[in-house]
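The block underneath contains the structure these notes are about, expressed in structure tokens.
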Amino acid sequence: MFDNRVLNRFFNTLKGRIVFITILFLFILMLILSLFSVASFKYDKKIIVTTCDYTITSFVAEKINKDVQKHLTHAQTLSIIGDIFYHLYKTTDKNIFNTSTPLSALLTTFKDYKDVYGAGIFFEPGVIAPNDGVNYVYAFRKSPNVVLAGESVLGKKYNQSERPWYKDIKRNLRKGGNAWANPYKGLGQRSNTLMTSVGVGIYDGNKLVGIAMVDWDFSTILNKVLEIKPTPNSLVMLADIQQGTVMTSDAYFGDTVSRKIRLDEVSWYDMDLKNTDTFRYKNKTYIAFIKPVANGKSLYVCVPENELLGFIISQLVKMFIILFSISVLMSLSLFVVLKKNVNAPIDELSKAANEIGGGNLDLKVNIKTPLEFARFADVLNKMTDDIKKYIENIAVFSREKEKIESELNVARQIQYSVLPDDTFSDVKEFDIYASMDTAKEVGGDFYDYFFIDDKRFFFSIADVSGKGVPAALFMMTTKALIKSIADEKLPPDEFIKKVNKGVCADNRQEFFVTAFMGIVDITTGQITFINAGHNPPLVKKKSGKFAYLKLEANLVLGIMNNIEYKIQKSKLDEGDIIFAYTDGIVEAINNQGKLYGDERLLNKINSIKSDAPDVIVKEIKNDIKSFVQDAPPSDDVTMVVFKFNKTK
Amino acid sequence: MNFEYALNDNSLNVKLTGRVDVISAPVLHEKVNFLLSSNENLNKLIFDFSEVSYISSMGLRILLDFQKTMAQRGSMKVINVSSDVFEIFKATGFDNILSFS
């Protein structure tokens with residue numbers, strides 16, 4: 001079966017649409033032309049009808065008339081001879097009369113009647129009584145050059161009054177007129193010839209005394225009639241209305257031409273046709289052209305309408321076939337042209353695009369024409385080149401990036417290496433555990449702890465504002481600065497003042513550092529807190545819960561020189577825990593953009609069963625991890641947990 | 001954090017809502033810096049903290065940065081600070097660094 005989808009797909013292509021539009025256009029053109037043809041059809045029909053009417057029928061009728069007229073003229077000439085002879089006979093000696101007198105005159109004229117068979121003057125019985133007993137003269141053309149004349153031709157006993165032609169003429173003759181005989185078979189050697197005669201009367205007063213006649217082969221007329229054949233199935237006939245007879249072509253009646261048919265045998269004849277009329281006969285429409293010929297005879301030419309109009313129709317059909325062929329040809333050539341000029345380049349371009357997509361960037365598309373596709377190919381080639389360059393750039397870039405990353409890794413190792421990893425597990429007085437996780441390779445947080453002397457233990461946690469390499473560099477110098485100043489063993493307030501001075505000294509980048517520090521006398525549990533703008537640590541007194549440590553407010557390090565820092569002193573009891581951290585914990589962000597927050601931190605830290613610093617750090621870290629999930633770390637996360645065990 | 005601002009002849013009034021932290025502070029920094037650099041005659045920068053619930057060290061750092069910039073052009077002020085947030089300014093010592101009213 002026919003698949004609609006194939007057609008749909010075809011009409012959705014450029015090619016299909018253009019071909020469709022072309023066919024549509026040609027179809028509309030054909031429609032307009034056919035409307036025009038229908039309009040012109042009536043006009044064409046009129047022209048053809050006129051052609052049949054005047055050119056064929058009238059022309060033939062005219063020709064026949066002319067022939068008959070010629071014969072009639074001969075007959076009239078003979079009638080004058082006959083008339084003279086009759087009057088001579090009446091007024092002169094009847095004894096001198098014999099047929100040789102009019103015969104010589106007849107022969108003189110007869111020589112010129114080339115297409116006439118015979119001519120004669122026939123007197124009514126008893127009108128004249130010639131001494132030889134013959135009351136007619138007759139000349140007969142045996143062959144073009146041999147003329148026979150006299151009584152020997154017809155014989156002495158020839159009695160014209162019994163002949164049909166004489167009866168026909170005599171019956172129809174009026175004075176001053178002429179009459180035709182119906183066609184009849186000749187005598188003797190002319191028994192196979194259809195003859196006709198035209199006669200002119202010779203009168204004595206009103207009394208017909210004789211007939212001058214000319215006879216000729218009727219087929220000369222009939223042939224002219226039969227020559228009329230506008231279309232194969234036309235009906236042509238010569239009808240004698242007065243006598244009700246008709247001569248016609250054999251095609252119609254299936255008989256010889258010599259057959260006389262009564263008019264009432266012609267079924268359509270009584271339709272009372274006008275000069276040009278249409279009638280139906282045996283399921284066929286005919287157009288009749290009728291012309292009177294002579295002596296009550298009429299020429300009928302009846303052409304089947306479909307044959308008459310067939311010409312016009314066949315012309316139209318031809319035109320349509322030509323137009324249809326043109327549209328098919330145009331569509332086909334358009335199809336071929338589009339296939340070659342549109343489909344082929346598009347195929348080539350898509351193939352190339354596929355191959356380029358597959359990784360072959362050395363591919364060059366080579367299309368010279370059509371120019372539109374050549375431009376497209378140029379663009380594609382340029383794109384390929386650009387991609388190649390871009391890939392090379394990326395390669396260079398990623399090599400650079402790798403280098404930077406590996407350098408950052410080294411930096412990270414250096415940064416981590418400056419953080420203490422000794423947990424002083426051999427010192428029973430306290431446990432300490434710390435951890436730092438940077439958001440990037442390197443970070444701005446740090447912690448530190450060390451013994452200042454035999455009994456004083458220092459620990460710190462700090463956060464350089466900012467992240468990454470700048471913060472890391474600042475962190476390194478700050479940590480080193482704190483360590484070196486701590487070694488000077490200054491009183492805490494002097495110590496922190498000096499640290500701040502040091503941080504301010506080379507700080508052109510507006511960094512500041514928040515720091516929380518503690519100095520514990522491990523023998524007594526006395527502790528000194530120094531807080532420079534850092535978030536307060538959580539402290540758990542023995543058997544209590546973690547709570548924020550109340551701290552004196554001090555400015556962060558690195559902003560202002562020469563400021564005083566308030567120092568706080570306190571005392572640690574056995575089992576007290578200090579949890580110091582940077583705000584990277586509470587500001588850790590998860591995938592939903594939520595912050596870890598103080599509340600969760602407090603809840604979590606109070607839910608941890610163990611008092612061991614390393615356990616606390618690990619549990620908090622795990623909780624942060626499970627909170628942020630796979631969100632990228634937002635800030636460095638650092639914790640220092642100090643647990644005081646006992647005084648010495 | 002929401003960010004609204006009103007720009008008069010030579011003063012920029014920035015009203016913040018919510019938290020000024022690691023997420024919002026860089027955005028605030030970028031936006032205000034853009035306004036400062038595109039309006040050279042600005043000599044007064046006011047931060048309205050009436051709707052601010054928290055400020056982190058990152059927020060403090062950008063305030064400090066604006067403070068340094070405005071010190072050369074005119075003045076910077078933080079107004080309508082809630083007591084909770086003011087605690088943070090106090091804890092970090094920023095209450096002595098910035099001007100409030």
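Observations
- Among beta bridges that DSSP assigns inside the protein assembly as shown, antiparallel share in %, nearest 5: 85 percent
- Chain B: C-alpha gyration tensor shape, a/c 1.5 cut-off, then a/b vs b/c: prolate
- Cross-link partners for A:LYS282 among the aspartates and glutamates, with Cα-Cα distance under 20 Å and sequence neighbours closer than 8 places in the same chain left out: A:ASP250, A:ASP255, A:ASP264, A:GLU265, A:ASP270, A:ASP272, A:GLU305, A:GLU307.
- Inter-centroid distance (Cα atoms) of segment A:333-350 relative to segment A:593-635, Å: 67 Å
- Exposure proxy for A:HIS71, A:HIS87: other Cβ atoms within 10 Å of each Cβ, ordered fewest to most, give A:HIS87, A:HIS71.
- Ranked by the mean number of other Cβ atoms within 10 Å of their residues, highest first, the peptides A:590-599, A:620-629 come out as A:620-629, A:590-599.
- Cut-off 12 Å between beta-carbons: net charge of the residues surrounding A:THR477, Lys and Arg +1, Asp and Glu -1: +1
- Rounded to 5, the percent of DSSP beta bridges in segment B:2-100 classed as antiparallel: 25 percent
- With θ taken as phi - 60° and the Karplus curve 6.51 cos²θ - 1.76 cosθ + 1.60 applied, the whole-hertz 3J(HN,Hα) list for segment A:5-19 is 5, 4, 5, 4, 5, 5, 6, 8, 8, 4, 4, x, 5, 5, 4 Hz, x standing for glycine and proline.
- In sequence order, calculated HN-Hα J values of segment A:553-569 (Karplus, 6.51, -1.76, 1.60; Hz; x Gly/Pro): 7, 9, 6, 4, 7, x, 9, 10, 6, 6, 10, 8, 10, 7, 9, 10, 10
- Share of Cα-Cα pairs in the protein assembly as shown lying beyond 49 Å, as whole percent: 61 percent
- Of B:ARG73, A:ARG375, the sequence from fewest to most neighbouring Cβ atoms within 10 angstrom is A:ARG375, B:ARG73.
- Ellipticity estimate at 222 nm from DSSP helix runs (n ≥ 4, -39,500 (n - 2.57)) divided over the protein assembly as shown, nearest 500: -14000 deg cm²/dmol
- The lysine pair tally for segment A:313-417, using Cα distances under 23 Å and a gap of 8 or more places or different chains, is 19.
- Under 12 Å of direct C-alpha separation, and excluding same-chain neighbours fewer than eight residues apart, A:LYS497 reaches these aspartates and glutamates: A:GLU564.
- Cα-based helix-to-principal-axis angle, A:100-110 vs chain A, degrees rounded to 10: 20 degrees
- 23 Å Cα-Cα reach of A:LYS175 towards lysines, excluding residues that sit fewer than 8 places from it in its own chain: A:LYS66, A:LYS70, A:LYS90, A:LYS167, A:LYS207, A:LYS297
- Value of relative contact order over chain A, rounded to a whole percent, pairs C-alpha under 8 Å and six or more apart: 9 percent
- Protection proxy ranking of A:215-221, A:324-330 - average other beta-carbon atoms within 10 Å, highest first: A:215-221, A:324-330
- For A:588-600, mean number of other protein chain Cβ atoms within 10 Å: 1
- Potential extension, A:GLU510-A:LEU332 segment - 0.36 nm per residue separation minus Cα distance: 56.1 nm
- Evaluating 6.51 cos²θ - 1.76 cosθ + 1.60 at θ = phi - 60° for every residue in segment A:494-507, the Karplus couplings come out as 5, 4, 6, 4, 5, 4, 4, 4, x, 5, 5, 3, 10, 9 Hz, glycine and proline recorded as x.
- Test item: B:56-63 mean partner chain Cβ contacts at 10 Å: 6
- Global geometry of segment A:418-644, whether rounded, prolate or oblate, following the gyration tensor of its Cα atoms and the 1.5 cut on a/c: oblate
- Among A:MET639, A:MET436, A:MET213, a tally of other beta-carbon atoms within 10 Å of each Cβ gives an order, fewest to most, of A:MET436, A:MET639, A:MET213.
- Given R0 = 45 Å, the distance between the Cβ atoms of A:PHE279 and A:LYS340 translates into a calculated FRET efficiency of 0.15.
- Axis of helix A:371-417 versus longest Cα principal axis of chain A: the two differ by about 10°, to the nearest ten degrees.
- Relative contact order [Cα under 8 Å, 6+ residues apart], segment B:2-100, whole percent: 28 percent
- Full extension of the chain between A:ASN223 and A:GLN629 gives 134.3 nm of extra length, using 0.36 nm per residue less the Cα-Cα distance.
- Normalising the average separation of contacting C-alpha pairs (under 8 angstrom, six or more residues apart) by the number of residues puts the relative contact order of segment A:378-486 at 19 percent.
- 18 Å Cα-Cα threshold exceeded, pairs from A:LYS566/B:LYS68; A:LYS479/B:LYS90; A:LYS541/A:LYS609; A:LYS156/A:LYS185: A:LYS566/B:LYS68; A:LYS479/B:LYS90; A:LYS156/A:LYS185
- The long axis of helix A:613-628 is offset from the longest Cα principal axis of chain A by roughly 20 degrees.
Read the figures in this text as sums done on the coordinates, not as results from a lab. Note that the structure is predicted; figures quoted are calculated from it, not measured. Note: ideal-geometry Cβ built from the backbone for every residue, glycine included; neighbour counts use all protein chains shown.
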